Number of protein chains: 2
Amino acid sequence: MTEQFQRQVNDLFEFLRFPSVSTASEHAGDVRACGEWLVGKLSGMGLSVDLHETAKHPVVVARNLHVDGRKTVLIYGHYDVQPVDPVELWDSAPFEPEIRDGRIWARGATDNKGQMMAHVLGVEQMLEERGELPVNLIFLFEGEEEIGSPNLVPFLEEHQGELACDVIAVSDTGMVARGVPTMGYGLRGITCCEVTVRGPKGDLHSGVYGGAVANPATAVARLVASLHDADGKIAIDGFYDDVKPLENWEREMWAQIPGMSKEDVQEITGSPDLFGEPGYSSAERLWARPTAEVNGIGSGYQGEGSKTVLPSEAMAKFSFRLVPNQDPADISRKVQAHLVKYAPAGVTVEVEVGHDGKPYYTDPNSAYGMAGQAALEKAFGKKPVLIREGGSIPIIKDMQDILGADSLLLGLALPDCQIHAPNENYYLENFEGGIRMSQVLLDELANVK
Amino acid sequence: MTEQFQRQVNDLFEFLRFPSVSTASEHAGDVRACGEWLVGKLSGMGLSVDLHETAKHPVVVARNLHVDGRKTVLIYGHYDVQPVDPVELWDSAPFEPEIRDGRIWARGATDNKGQMMAHVLGVEQMLEERGELPVNLIFLFEGEEEIGSPNLVPFLEEHQGELACDVIAVSDTGMVARGVPTMGYGLRGITCCEVTVRGPKGDLHSGVYGGAVANPATAVARLVASLHDADGKIAIDGFYDDVKPLENWEREMWAQIPGMSKEDVQEITGSPDLFGEPGYSSAERLWARPTAEVNGIGSGYQGEGSKTVLPSEAMAKFSFRLVPNQDPADISRKVQAHLVKYAPAGVTVEVEVGHDGKPYYTDPNSAYGMAGQAALEKAFGKKPVLIREGGSIPIIKDMQDILGADSLLLGLALPDCQIHAPNENYYLENFEGGIRMSQVLLDELANVK
């Protein structure tokens, strides 16, 4: 490790030590402290920085001195992270970053602190070496991505003028395999909801009352089971109506992409077998087809041994990944109608609608797209593959709508980085390559005609 | 409250303060301490008492001096209790008994410490007043009823000679309503199992991998949903094969029993509507028809907010209540075959078989049955109703098989005693009546020809 890279790793470690879990109210202070640390870092680089209050977690905006006639590039990232539980499955403490086997292990190492810091530190290096940047730069870092960016759209609308830009760069997606630079041109959208099923007013003895009243755990299970047919196709009326069909060039390119074979996906996930919508490959299921997933389900006694109780309540948390041209509000209505239609007898069903985000799609071969491809090729020494992403970054679509600029998705995650899961990690080689890529990118974008 | 009854309540309070939760290994010491307290109490009454070690929690046996030519009566009870969670739903601490509104509130108040103490204190009172009992008495108190009495059958087999008896009395069941003495002549059996569904080796990001691998939470829900048809009938092959049909006199008597109307059951359970097997009343569903209940289900993220995870594992705990002449081992095999047959694609399903117990049935109008009915009538001033019970006391059937004696089920619980649930409670009037009933019963049984 060079002395310079060691300093860059140290910076990232400081950033990773903040438990900036945006979904948990008890961590609100940690999210803020993390944002304030970022303000200090960016100010120290000579940028002018503002910490903007929102209804929840603050937004950090930084810029260099803008000069007429140059391209304006906005780099987006988020400094909040997912919760860490089940914490007992981590091999090292999630907020005490460690290097093992060429990777940094910590919550947020890849998603998104490690990736956004590649841009911050690339810019820092460029400023140290040249004293200036070839473009007008705007860093836009939020603290609410993991809860669906509830306050960023109003923020974008309010600051539309000062955030005006030609193109956006985002590293919050993945490379398909080690050493295979990857540019994304599509993202799935999302809509979430939580269902609460209520039966008896309190837990009952399953012997004394079992058989005469509906069991909420059974009822919630029947609701979950109603979402798919036996083959794994989603059984909600009208769910697939607006799905943009795959194009032939996509099916052909994706069939060749390393790391996406049945064996690869099975190995990386450790699943006993693959399972999904009939008629599609794994890449197609992940990048171009929608899903209905249970993220959590719970009812009754879950402890050691048995407790023969008939629970009074049950819940399930759902998320639906959406593809172009599905609309989250439309799907949310269809889901709610389905849950009402299939509500089992003898219980009440309450649906609480959660966050959502639109799917995203753009042309990978536009002038800015070609600049992104070139930056990846120069930084990683290989032509990038073009993919869509299974994950959702709703704000990408919102920025397209509000700021009128497309995003280059220049991901640095790898399939075994375990984002959102225990033992999240970040390959040092991608951190180093990302810092290089960030600098090449600004030069390439500066030269777009 | 008389001074005597106040002393009896104090005794019960002492007994209730032991957190003798048999299912939780961290409470093993509390279960033992509770058994030892019982030894002290019974010795103090002049009985000869033994605390017998088992592989888990001890058995307490006490007897008076047995005299040839008298009837031998065994009184069974258990001093272990159910877990207390969700503890936040209790209005007072579960192991700090309190009297409010004419009831004692504590875990175990009714099930079974309060009911067994009615017999202990009835015997104490009789001994104080007469210096002797009209029968040869055996108290048999175990500490493992709530975990299925795993060590009591071997104990009965080993001590068959010294436990030989003519009849058994058990107060561990219910009265159908306040002031309506109730004798049970049947009990449901039980068989339990826990299913673990495993998918990916760790939790996955539901965007990055959702759609390409089976979701264990969805899979476990599909398994649960497969147990019943849409009408609420159990859909396991052969499940109803050995069910003894209801007799006409039972359907007629049960239709008249107070507290069992649709409105009564709905009010006591607080369910939005009743639901169960088509073609049967609530009493029939509870006392003469089998069930398939989920006691607990869990997977993924169950905390505040959302976490868009695809969980690696899911579990469900099942209990099946059985009626004469279903056999727990046979049903357990049928359940396992069903779970294997319906195991969803892309996951592995592991079934761990739990405790079980046979259903019980006897003639309520035998000579001993008539003595039990007379004792209830004299203690509570009204002819008892004859019912079966929805709950399971597997040991009743085991004692019938091993000791060759039938049990009189002389319940003192009421429908709103909330056994196995938060805010368990015991009516003082039933405690007092139970102490009276226990004494009348010994006289009635002594006189059986």
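The values are calculated or read from the model by the stated rules, or taken from the named source; none is laboratory data. Treat the numbers as computed from the prediction; the structure is a model and nothing was measured. As a convention, Cβ positions derive from the backbone with ideal geometry for all residues, glycine included, and neighbour counts pool all protein chains shown.
Among A:428, A:408, A:414, which is the only one that is within 14 Å of chain B (Cβ to nearest Cβ) and not acidic (Asp, Glu)?
Result: A:414 is the single residue among A:428, A:408, A:414 that is within 14 Å of chain B (Cβ to nearest Cβ) and not acidic (Asp, Glu).
What do you reckon, is residue B:298 within 30 Å of residue A:86 (Cα to Cα) and either without any contact (Cβ under 8 Å) to a residue 60 or more places away in the chain or of a type in the set (D, E, K, R) (or both)?
yes
In region B:225-244, is there at least one residue being in contact with a strand residue (DSSP E or B) (Cβ under 8 Å, 6 or more places away or on another chain), within 26 Å of residue A:317 (Cβ to Cβ) and touching a residue at least 24 places away in the same chain (Cβ under 8 Å)? It would help to see each step written out before you state the result.
Pass one, region B:225-244, residues in contact with a strand residue (DSSP E or B) (Cβ under 8 Å, 6 or more places away or on another chain): B:227-228, B:234-235, B:240, B:244.
This time we only want the ones that are within 26 Å of residue A:317 (Cβ to Cβ), so: B:227-228.
The next check asks that each one be touching a residue at least 24 places away in the same chain (Cβ under 8 Å); those that pass are B:227-228.
Looking through region B:225-244, at least one residue is in contact with a strand residue (DSSP E or B) (Cβ under 8 Å, 6 or more places away or on another chain), within 26 Å of residue A:317 (Cβ to Cβ) and touching a residue at least 24 places away in the same chain (Cβ under 8 Å).
Return a yes/no flag: does region B:285-293 have any residue that is more than 30 Å from residue B:213 (Cα to Cα), out of contact with any strand residue (DSSP E or B) (no Cβ under 8 Å at 6 or more places or on another chain) and free of Cβ contacts under 8 Å to residues at least 60 places away in the same chain.
Within region B:285-293 (the criterion being more than 30 Å from residue B:213 (Cα to Cα), out of contact with any strand residue (DSSP E or B) (no Cβ under 8 Å at 6 or more places or on another chain) and free of Cβ contacts under 8 Å to residues at least 60 places away in the same chain), the answer is yes, since at least one residue qualifies.
Which of (1) of a type in the set (D, E, K, R); (2) closer than 27 Å to residue A:20 by Cα; (3) buried (at least 22 other Cβ atoms within 10 Å of the Cβ) is the odd one out, the single condition residue A:352 does not satisfy?
Failing condition for residue A:352: (3).
Just checking, how many residues over region B:115-157 are within 20 Å of the chain's Cα centre (by Cα) and among the aliphatic types (A, V, I, L, M)?
So the answer is 9.
Does region A:206-227 hold any residues that are facing chain B (nearest Cβ under 7 Å), part of a helix (DSSP H, G or I) and either β-branched (Val, Ile, Thr) or under 20 Å from residue A:275 (Cβ atoms) (or both), and which are they?
Scanning region A:206-227 gives A:218, A:221, A:224, A:225.
I need the full set of residues from region B:6-22 which are in contact with a helix residue (DSSP H, G or I) (Cβ under 6 Å, 6 or more places away or on another chain) and either part of a helix (DSSP H, G or I) or surrounded by fewer than 23 Cβ atoms within 10 Å (Cβ to Cβ) (or both), in order please.
Those that are in contact with a helix residue (DSSP H, G or I) (Cβ under 6 Å, 6 or more places away or on another chain) and either part of a helix (DSSP H, G or I) or surrounded by fewer than 23 Cβ atoms within 10 Å (Cβ to Cβ) (or both): B:8, B:12, B:15, B:16, B:19.
Just to be sure, is residue A:230 small (Gly, Ala, Ser), within 7 Å of another protein chain (Cβ to nearest Cβ) and either closer than 29 Å to residue B:270 by Cα or in a loop (DSSP other than H, G, I, E, B) (or both)?
Details: small (Gly, Ala, Ser): yes; within 7 Å of another protein chain (Cβ to nearest Cβ): no; either closer than 29 Å to residue B:270 by Cα or in a loop (DSSP other than H, G, I, E, B) (or both): yes.
In short, no.
Any chance region B:112-122 includes a residue that's part of a loop (DSSP other than H, G, I, E, B) and either in the same structural domain as residue B:170 (by TED's automatic domain parsing) or in contact with a Pro (Cβ under 9 Å, 6 or more places away or on another chain) (or both)?
Kept after step one, since they are part of a loop (DSSP other than H, G, I, E, B), are these residues of region B:112-122: B:112.
If we keep only those that are either in the same structural domain as residue B:170 (by TED's automatic domain parsing) or in contact with a Pro (Cβ under 9 Å, 6 or more places away or on another chain) (or both) as well, we get B:112.
Looking through region B:112-122, at least one residue is part of a loop (DSSP other than H, G, I, E, B) and either in the same structural domain as residue B:170 (by TED's automatic domain parsing) or in contact with a Pro (Cβ under 9 Å, 6 or more places away or on another chain) (or both).
Would you be able to tell me the number of residues in region B:170-202 that are crowded, with 21+ Cβ neighbours inside 10 Å, facing chain A (nearest Cβ under 7 Å) and part of a loop (DSSP other than H, G, I, E, B)?
The qualifying residues number 3.
Out of the residues in region A:255-270 that are within 7 Å of another protein chain (Cβ to nearest Cβ) and out of contact with any helix residue (DSSP H, G or I) (no Cβ under 8 Å at 6 or more places or on another chain), state the one that is nearest to residue A:289 (Cα to Cα). Give the steps one after another, and end with the answer.
Filtering region A:255-270 down to residues within 7 Å of another protein chain (Cβ to nearest Cβ) leaves A:265, A:269-270.
Remaining after also requiring out of contact with any helix residue (DSSP H, G or I) (no Cβ under 8 Å at 6 or more places or on another chain): A:269-270.
Working: A:269: 19, A:270: 22 Å.
Ranking the candidates gives A:269 first.
Report yes if some residue within region B:287-303 is out of contact with any Asp or Glu (no Cβ under 8 Å at 6 or more places or on another chain), of a type in the set (Asp, Glu) and over 17 Å from residue B:236 (Cβ atoms); otherwise report no.
Scanning region B:287-303, I find no residue that is out of contact with any Asp or Glu (no Cβ under 8 Å at 6 or more places or on another chain), of a type in the set (Asp, Glu) and over 17 Å from residue B:236 (Cβ atoms), so the answer is no.
Consider residue B:47 carefully, then state whether it is over 23 Å from residue B:100 (Cβ atoms), more than 24 Å from the chain's Cα centre (by Cα) and either more than 14 Å from chain A (Cβ to nearest Cβ) or surrounded by fewer than 20 Cβ atoms within 10 Å (Cβ to Cβ) (or both).
yes
Which of the residues spanning region A:234-247 are at pLDDT 95 or above and either over 24 Å from the mean Cα position of the chain (by Cα) or within 11 Å of residue A:342 (Cβ to Cβ) (or both)?
A:235, A:236, A:237, A:238, A:241
Output the number of the condition that residue B:244 fails; it satisfies all remaining conditions of (1) within 14 Å of another protein chain (Cβ to nearest Cβ); (2) surrounded by fewer than 21 Cβ atoms within 10 Å (Cβ to Cβ); (3) in contact with a Pro (Cβ under 7 Å, 6 or more places away or on another chain); (4) of a type in the set (D, E, K, R).
Only one criterion is unmet by residue B:244, namely (1).
Name the residues in region B:244-272 that are closer than 25 Å to residue A:345 by Cα and of a type in the set (A, V, I, L, M), would you?
The answer is B:255, B:260, B:265, B:268.
Looking at (1) among the hydrophobic types (A, V, I, L, M, F, W, C); (2) within 24 Å of residue A:215 (Cβ to Cβ); (3) outside the structural domain of residue B:176 (by TED's automatic domain parsing), which is the only condition residue B:329 fails?
The number of the failed condition is (2).
Filter region A:23-38 down to the residues that are among the hydroxyl-bearing types (Ser, Thr, Tyr) and outside any loop (DSSP other than H, G, I, E, B) and list them by number.
Passing the criteria: only A:25.
Quick grid of which residues meet (1) in contact with a Leu (Cβ under 8 Å, 6 or more places away or on another chain); (2) in contact (Cβ under 8 Å) with a residue 40 or more places away in the chain:
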position: A:2; (1), (2): no, no
position: A:6; (1), (2): no, no
position: A:16; (1), (2): no, yes
position: A:24; (1), (2): no, yes
position: A:36; (1), (2): yes, no
position: A:40; (1), (2): no, no
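For region B:297-339, how many residues are surrounded by fewer than 17 Cβ atoms within 10 Å (Cβ to Cβ) and closer than 12 Å to residue B:219 by Cα?
Qualifying residue count for the region: 0.
Could you grab me the full set of residues in region A:66-95 that are without any contact (Cβ under 8 Å) to a residue 12 or more places away in the chain and either β-branched (Val, Ile, Thr) or away from chain B (no Cβ under 14 Å) (or both)? So that I can check it myself, show each step before the final result.
Of region A:66-95, the ones without any contact (Cβ under 8 Å) to a residue 12 or more places away in the chain are A:68-69, A:85, A:88, A:93.
If the condition is that a residue be without any contact (Cβ under 8 Å) to a residue 12 or more places away in the chain and either β-branched (Val, Ile, Thr) or away from chain B (no Cβ under 14 Å) (or both), then A:68, A:69, A:93 are the ones that fit.
Across region B:282-296, what is the total count of residues that are buried (at least 22 other Cβ atoms within 10 Å of the Cβ) and either more than 7 Å from chain A (Cβ to nearest Cβ) or of a type in the set (D, E, K, R) (or both)?
Total meeting the criteria: 8.
For the list (1) at pLDDT below 95; (2) outside any helix (DSSP H, G or I), I need the number of the one condition that residue A:351 fails.
Result: residue A:351 fails condition (1) only.
Any residue at all in region A:297-319 that is more than 14 Å from chain B (Cβ to nearest Cβ) and not polar (S, T, N, Q)?
Within region A:297-319 (the criterion being more than 14 Å from chain B (Cβ to nearest Cβ) and not polar (S, T, N, Q)), the answer is no, since none of the residues qualifies.
Which ones in region A:97-107 are part of a loop (DSSP other than H, G, I, E, B) and either touching an Asp or Glu at 6+ places or on another chain (Cβ under 7 Å) or within 11 Å of residue A:428 (Cα to Cα) (or both)?
The first filter runs over region A:97-107 and keeps only residues part of a loop (DSSP other than H, G, I, E, B), leaving A:97, A:101-102, A:106-107.
Result: A:101, A:102, A:106, A:107.
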